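Here, each number is a calculation from the coordinates, and none is a lab measurement. Everything quoted here is computed from the prediction, not taken from an experiment. Counting neighbours? That spans all protein chains shown, and the Cβs are built from the backbone with ideal geometry, glycine included.
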């Protein structure tokens with residue numbers, strides 16, 4: 001017996017595409033954020049750079065973590081039709097998080113386009129929005145899968161328009177580990193960067209590479225050349241050992257700082273509420289990068305002690321495996337960073353006026 005035979009709320013029905021008009025989101029009036037695109041699909045950093053970094057980054061750069069499509073519509077339903085080149089399944093990660101798409105209307109969560117369990121190279125899914133006039137829509141891409149093409153369908157006669165700009169249009173850039181990529185949020189909208197994007201109306205770029213963010217200089221140089229409103233550095237988990245973190249962390253920061261001397265930089269140690277001896281050692285390495293910068297007169301760098309983050313609400317209830325945050329853990333991270341990031345973005349805005 002299957003669960004949907006017992007509980008009808010678990011039934012996922014095929015959408016009715018009758019009198020539905022589909023659009024490729026790569027075309028106006030849709031705007032895609034946080035992703036690059038070529039004829040083979042969506043990706044996060046240039047292919048040559050990904051190949052020069054490491055094999056993990058080369059593969060994971062094709063995952064769409066942080067990607068969003070934004071638009072306005074008065075449609076009462078939306079059908080999503082996605083073509084995908086890679087799909088990630090993990091025992092401790094909800095499939096809706098690794099391969100699903102979330103929809104928000106006026107920053108209110110309205111549902112997830114749920115992937116089928118037998119998903120291979122794409123799927124079609126539908127969400128009912130009901131009446132309500134024109135609304136600002138954000139659809140979050142999957143965190144751990146690759147998308148080659150995304151189409152959205154609307155009832156014939158629906159009105160479509162371009163979404164209003166983010167209040168902070170120059171993106172916040174995040175570099176880090178699987179936690180940065182979004183593991184293990186139950187759905188894409190609950191990754192902490194996506195939460196912050198909604199709270200602060202800021203665009204962002206997610207450069208989280210699960211198990212593969214090792215602080216390489218080539219990636220630091222690439223990030224240093226990006227147009228950013230702020231930079232969040234968080235790859236503690238992927239440094240193979242404390243010695244590697246010690247050898248690369250301050251150097252990575254300096255590469256970015258030398259290119260962008262007034263950029264707000266947030267330095268994070270891993271979000272672990274019950275740290276062991278090595279985790280405390282790693283935290284102190286990250287802290288020393290901050291201390292050295294402050295001592296040198298840097299007024300735009302902030303350190304966040306990851307051992308305190310999840311204690312905001314859930315403590316050890318904030319992870320799925322004593323490592324990767326669940327939705328509660330990501331919310332704790334977002335609320336911890338929100339005041340400092342908000343102040344930093346306001347300062348940047350004033351500086352440019």
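In plain terms, the chain from residue 311 to residue 199 could stretch by 38.3 nm, reckoned as 0.36 nm per residue minus the Cα-Cα distance. Separation between the residue 18 and residue 343 pseudo-spin-labels, each 7 Å from Cα along Cα→Cβ, expressed in nm? If labels sit at residue 18 and residue 343, their model points lie 5.9 nm apart. Using a Förster distance of 35 Å, how high is the FRET efficiency between residue 118 and residue 77, based on the Cβ-Cβ distance and rounded to 0.05? After rounding, the FRET efficiency stands at 0.90.
Averaging Cα coordinates gives a centre for the stretch 144-202 and one for the stretch 297-323; these two points are 23 Å apart.
Using packing as a proxy for protection, rank 174-185, 131-142, 113-124 so that the peptide with the highest average count of other Cβ atoms within 10 Å comes first. If you can, show how the numbers build up before the last one.
Values: 174-185: 27.0, 131-142: 18.8, 113-124: 15.2.
Going from most to least packed, we get 174-185, 131-142, 113-124.
Sequence-distant contacts, meaning Cα pairs under 8 Å at least 6 residues apart, place the relative contact order of the stretch 11-161 at 37 percent. Between residue 258 and residue 281, the simple label model (points 7 Å from Cα in the Cβ direction) yields a spacing of 2.9 nm. Protection proxy ranking of 290-297, 54-61, by the mean of other Cβ atoms within 10 Å over each peptide's residues and highest first, is 54-61, 290-297.
Distance between the 7 Å Cα→Cβ label points at residue 107 and residue 243: 4.8 nm. Once you sort the root eigenvalues of the Cα gyration tensor of the stretch 11-161 as a ≥ b ≥ c, which label holds: rounded (a/c under 1.5), prolate (a/b larger than b/c) or oblate (the other case)? Judged from the Cα gyration tensor, the stretch 11-161 comes out prolate (a/c at least 1.5, a/b above b/c).
How would the stretch 215-353 be classified by its alpha-carbon gyration tensor: rounded, prolate or oblate, with rounded meaning a/c under 1.5 and the a/b versus b/c comparison settling the rest?
Values: a/c = 1.96, a/b = 1.30, b/c = 1.51.
Judged from the Cα gyration tensor, the stretch 215-353 comes out oblate (a/c at least 1.5, b/c at or above a/b).
Using a Gaussian network model of the chain whose springs link C-alpha atoms within less than 10 Å, name the residue from 318, 208, 157 with the highest mean-square fluctuation. Taking springs between Cα atoms under 10 Å, the residue moving most is 157.
Any chance you could run the full-extension gain for residue 40 through residue 134? It's 0.36 nm times the residue separation minus the Cα-Cα distance, nm to one decimal.
Working: separation 94, 0.36 × 94 = 33.84 nm, distance 3.27 nm.
Here the segment from residue 40 to residue 134 would lengthen by 30.6 nm.
Set against the labelled values (i) 21.6, 66; (ii) 20.2, 66; (iii) 29.0, 116, Rg and Dmax of the Cα atoms in Å computed from this structure falls on (ii). Among 164, 186, 125, which one shows the highest mean-square fluctuation when the chain is modelled as a Gaussian network with alpha-carbon springs under 10 Å? Among 164, 186, 125, the largest GNM mean-square fluctuation belongs to 164. Taking 316, 305, 38 in turn, the Gaussian network model of the chain (Cα-Cα springs below 10 Å) assigns the largest fluctuation to 38.
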